[in-house]
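Notes follow the structure.
The values are calculated or read from the model by the stated rules, or taken from the named source; none is laboratory data. Every value quoted in this text rests on a predicted model; they were computed, and no experiment measured them. Cβ placement follows ideal geometry from the backbone for every residue including glycine, while neighbour counts extend to all protein chains displayed. Ligands, DNA and RNA are excluded from the accessible area calculation, which covers all protein heavy atoms including side chains. Shrake-Rupley method; radii C 1.70, N 1.55, O 1.52, S 1.80 Å.
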Amino acid sequence: MSEAREESRWDDAMERAFAGRRAPVDDSVLGRLKLKSGPPHPVLLRQISVREELPLVRTGGSEEVPAGKHGRYQVLGEIARGGLGIVLQARDSDLGRDVAMKVLPERDDRREADISRFIEEAQIGGQLQHPGIVPVYELGLLGNDRPYFTMKLIQGRTLSALLSDRADLAEDRRRYLRIFEQVCQTMAYAHSRGVVHRDLKPANVMVGTFGEVQVIDWGCAKVLLHGGVADEQRARRENDVLTVRSGPGGTETMAGSAIGTPAYMAPEQILGDTEAIDERTDVFCLGGILAEILTGQPTYVGDLSGGLAQAITRGDLGETWRRVEESSADDDLKEIAADCLRASRLERPRDAGEVAKRISTYLSSLETRAREAELKAAEEKARAQSERRAKRLAIGLGISVVLAVILGGGSYFHLRAKRQAALTATSREVTSILLMAKNFAESGNWNHAVDTVRRAETRLHTRAVEPGTRQLVDTRLREYQTRAKEEDLLRGIEAVRFREDVDLRRAEESYTEGFQAIGIDFQSASVDEIAAGLRAFSPETVERLVRAIDDWASRHRVEPEVARKLIESANEVDPDPWRQKLRLAMLNHDRDLLTSLAASLTRTPRPPESILLLAHALTGPPEQDDGTAALEVLKRGARMHPGDFWLHFRTAMTGLRHPVGNAELSLLHARIAQALRPDNPQVRAVLGLTILARPESWEGGAEAIEAIAEARSQFEWTLERSPGDPMARIGLAGCLAREGRSREAFEAVAELLKENKAPPHAREFIHRFLRR
Amino acid sequence: MSKPEETCWTLIRDAAVGDARARTDFAGTYLPVVRAYLGARWASGRHREQIDDAVQDVFLECLRGDGALSRLDPSHQGRFRTFLFAVVRNVALRYEERQARERVKRAPPHAAEPEALPARDARLSRIFDRAWVDTLLRRAVARQEAAAADRGEAALRRVELLRLRFAEGLTIREIARRWEEEASVTHHQYARAREEFKDALREEVAFQHPGLPGEIERECQALLDLIE
């Protein structure tokens, strides 16, 4: 090949390589100004030498934004990269300053939803004008139509880095509280403009080299609606901050998607309760920041794959409060943190403004106390001097006597005031401890609540308190002790739903035993006796018992007489009208009412137990029912309560019973159930069966071989831990049949049938396998 | 950009064992190729909305412990392009077969549509190859830029020179005038810039197709052939 031809081929290659790298028109002011004297000489101020350099993770451009000039900006390097954007350092050539430039990463730029969220972040930053919020300078498009926005470049460190560098938690506490106060004030402004941040955490607070405090990363922010979340119509007309999502193209689901950082998330965030997200969601996160300042640890500590996810979803804050309580901080501060970190958002301070006010008051009181201490020291000094002077003067006994009388009277009043102050201080201390106990109680940690009240009680043994405090302590102690006892009793019953190691086949027996342990026998007692037994408990416990009864009644193997008692007795004590209708529909076999209750699920979420009961009620005999109605209800339920094991497990099982057209659905939910209870042998067996139930597993080819191998490994895993498990034995027989070992398969299931160990639905599987 | 001792095979193996950077690099590099192929294959029709899912499946298939990579002979250091093409094609076929089966189940036999299994593989493999070439060329530019950033201002200026020449379509004379320098100086820089680009492309090809220099040169030529 000639050299010219070869170079021409390289020309083509380079043309393709540099295609799309066409620089945008230089629309910088300096680029467009054609002054006769040439471009104006740039003014560049002296650079400030800062202790912390910007942490550029790499210099030059990236694949998304090549180095070089983009309009007026010269890209210098990458600062950070996240799911929603890449932050670059760029130089604004017109104004001669460095800025932070945020662009969408390559994988996101085709999705309109991400572009909308990105632009919304810029719009929120652009409209929120406060010293605590990083100002957005400009929103624009790069040469390849990729949106970007530029912001002030902050030089400093995150609060997270500063906090983790402390040698001692009490070190510089007042400084961090001042920073926290500024964060609260910034958020108070944002809340007043109808914006919630949704991802407040120390890593999103920048403390500048000159002490400026700024809340960053508004990528998760949500624009609230006027007058609260319910007032949507008005909000669409009058949002304070206008963004692309609040415009006609916006989608409500996107505005409410579950985002944030798990270790700091409010319970309503992690549960995806989008309707509930408002200013108090940020208040919870502020509580988390304060807790970290006081204790050195975030709201939740741990690994998401461990118990952390469950702690968050259950709003279990006992551990957090314990850490706060044990910190060396003042009670006032602990109280602010505890109030912000309430699981129930309605009990948190209304917005950041309220938190800011309380923190400011606390900090002022610190200053007042410091001033008072100085004053007292000065007074002491003056008094000592005057006493010395008095001694020296010693002007006579008579005068001394008069002086003694005066001093005696003064001492009496002084002692009285001191006693009153001690009384008030003890009462305040006791009240603060009781508040902490209340927090434990609200998160269901009754034993901890009892222990905490006992701590308050010990104060009463040694110190005097204001009237009423003692009675309050006694009342709380009795109440929490009762609940703690009830909690112990409930534990056995609720284990069926929540304990991971529970034998799934023994659920019915476990419920029988659990209720017998609290003195209620569904086998022998009448409905009236059962209802009376239930009413003996506190209303909160009754609610939980009713949910357990519904769960029990939703199980297939419950005897009809027991099922009737369960439904009737629950209806005697349960005031909830929807659930009452459901149970009446079950008793009257009112299919129309059941169908209408199922339709109403889309409007109002119901507890998982009620959904399981409804699905059970909609399940007819196998020969008359294709499972569609029950599956629809279960699917909705699983969407409503994505962390509920039983909803997924039951969906998988129902899909297995009605495999035509439901095999994929069944497999999906079996996989989720297995992820929720990874070590449960029975779930593994069901997962194996759902794999086998897919037509792909039987239709030949590599996919079928892989599927059979995966199913087989699930059955073997189960049989290793639970050797007699009938489901796993059936499944393994299915695998043998699939491998052409029909005789062995037949013998395995025949043995099972002979032992009469296969439940009725399992027999169906056996017949299906044998037919194949 | 990848580390100097890295090849696409070390990258994919690091990605498969969960190295976050390797995963990001892997997805960032090959996503356009996979998407281009699937986009062309399913340009119209019912699969179009499944492109995102299928792209995910391709990466999953490449990265999961028991996926396509595990079935590859460990000593095999062949063309990654072929490997990726096989994976993406298999995933596409799986989607199409699954949908075809669903349709057959729902409809009488005569309703089965023959278009479900497209007989246009040759054209599609060409599209895949083109996307592959574009990816490698873009990565070569990025390589050249990274190297230039280390070498200094003059090297960065040479990358800009190529950009002005090929992206903006300016002649060398025009560039020289813009830069207020002698055309001969610009010509000299241009020749150097071209060589630097060629080196960067060879490095990229070596990354994708580890082998001896002769093999890399042949692969480079094959790449240029694909452009024509």
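For the list (1) closer than 30 Å to A:I270 by Cβ; (2) more than 14 Å from chain B (Cβ to nearest Cβ), I need the number of the one condition that A:H658 fails.
Unmet condition: (1).
Buried (at least 19 other Cβ atoms within 10 Å of the Cβ) and assigned to a helix (DSSP H, G or I): does that describe A:A329?
No: the conditions fail for A:A329.
Criterion first (surrounded by 10 or more Cβ atoms within 10 Å (Cβ to Cβ), at pLDDT below 70 and more than 30 Å from A:K334 (Cβ to Cβ)) does A:L397 satisfy it?
No, not satisfied.
Considering only helices (runs of 4 or more DSSP H) fully contained in region A:550-602, which possess at least 1 residues that are closer than 15 Å to A:V633 by Cβ?
A:577-587, A:591-600
List pairs: first residue in region A:164-180 and more than 16 Å from A:G288 (Cα to Cα), second residue open to solvent by 80 Å² or more (accessible area, probe 1.4 Å) anywhere in the structure, Cβ distance under 6 angstrom, at least six positions apart or on different chains.
Taking only residues 6 or more apart or on different chains, the pairs are A:A170/A:S328.
Hey, among the residues in region A:531-561 that are touching a residue at least 40 places away in the same chain (Cβ under 8 Å) and farther than 19 Å from A:R497 by Cα, which one's surrounded by the fewest Cβ atoms within 10 Å (Cβ to Cβ)?
A:S538
Which ones in region A:336-358 are under 18 Å from the mean Cα position of the chain (by Cα) and open to solvent by 30 Å² or more (accessible area, probe 1.4 Å)?
A:A343, A:S344, A:R345, A:L346, A:E347
Which residue out of A:R684, A:R712, A:R721 is over 16 Å from A:R657 (Cα atoms), touching a Gly at 6+ places or on another chain (Cβ under 9 Å) and open to solvent by 30 Å² or more (accessible area, probe 1.4 Å)?
Being over 16 Å from A:R657 (Cα atoms), touching a Gly at 6+ places or on another chain (Cβ under 9 Å) and open to solvent by 30 Å² or more (accessible area, probe 1.4 Å) holds for just one of A:R684, A:R712, A:R721, which is A:R712.
Give the residues of region B:1-50 that are farther than 17 Å from B:F85 by Cα, modelled with pLDDT of 75 or more, in contact with a helix residue (DSSP H, G or I) (Cβ under 7 Å, 6 or more places away or on another chain) and within 13 Å of another protein chain (Cβ to nearest Cβ), sorted by residue number.
B:R23, B:D25
Could you tell me how many of the residues in region B:185-203 are crowded, with 17+ Cβ neighbours inside 10 Å and within 18 Å of B:T7 (Cα to Cα)?
Total meeting the criteria: 4.
Being under 29 Å from the mean Cα position of the chain (by Cα) and at pLDDT below 80 is the requirement here; does A:E442 meet it?
Taking the combined requirement at face value, the residue satisfies it.
Output the residue which, of all residues in region B:148-169 that are more than 7 Å from chain A (Cβ to nearest Cβ) and open to solvent by less than 30 Å² (accessible area, probe 1.4 Å), is farthest from the chain's Cα centre (by Cα).
The selected residue is B:G152.
Which of the strands (runs of 3 or more DSSP E) contained wholly in region A:124-179 include at least 1 residues that are open to solvent by 20 Å² or more (accessible area, probe 1.4 Å), out of contact with any Phe, Trp or Tyr (no Cβ under 8 Å at 6 or more places or on another chain) and under 30 Å from A:G296 (Cα atoms)?
Where strands (runs of 3 or more DSSP E) fall fully within region A:124-179 and carry at least 1 residues being open to solvent by 20 Å² or more (accessible area, probe 1.4 Å), out of contact with any Phe, Trp or Tyr (no Cβ under 8 Å at 6 or more places or on another chain) and under 30 Å from A:G296 (Cα atoms), they are A:156-158.
Report the residue count in region B:33-48 for those that are out of contact with any Phe, Trp or Tyr (no Cβ under 9 Å at 6 or more places or on another chain) and either in the same structural domain as B:V205 (by TED's automatic domain parsing) or surrounded by fewer than 16 Cβ atoms within 10 Å (Cβ to Cβ) (or both).
Number of matching residues: 5.
Conditions (1) acidic (D, E); (2) in contact (Cβ under 8 Å) with a residue 60 or more places away in the chain; (3) closer than 15 Å to A:M265 by Cα, marked per residue:
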residue	(1), (2), (3)
A:L317	no, yes, yes
A:R322	no, yes, no
A:E326	yes, no, no
A:I336	no, no, no
A:R342	no, yes, yes
A:R348	no, yes, yes
A:A352	no, yes, no
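What residue, among those in region A:180-229 that are out of contact with any helix residue (DSSP H, G or I) (no Cβ under 8 Å at 6 or more places or on another chain), over 12 Å from A:G353 (Cα atoms) and among the polar types (S, T, N, Q), is most open to solvent (accessible area, probe 1.4 Å)?
That would be A:T209.
Do we have any residue at all in region A:638-653 that's of a type in the set (D, E, K, R), modelled with pLDDT under 80, at negative phi and open to solvent by 30 Å² or more (accessible area, probe 1.4 Å)?
Scanning region A:638-653 turns up no residue that is of a type in the set (D, E, K, R), modelled with pLDDT under 80, at negative phi and open to solvent by 30 Å² or more (accessible area, probe 1.4 Å).
Name the one entry in A:S697, A:S666 that is within 14 Å of chain B (Cβ to nearest Cβ) and among the hydroxyl-bearing types (S, T, Y).
A:S697
I'd like to check something: does region B:206-222 contain any residue that is open to solvent by 20 Å² or more (accessible area, probe 1.4 Å) and either at the interface with chain A (Cβ under 10 Å from one of its Cβ atoms) or touching a Pro at 6+ places or on another chain (Cβ under 7 Å) (or both)?
Scanning region B:206-222 turns up at least one residue that is open to solvent by 20 Å² or more (accessible area, probe 1.4 Å) and either at the interface with chain A (Cβ under 10 Å from one of its Cβ atoms) or touching a Pro at 6+ places or on another chain (Cβ under 7 Å) (or both).
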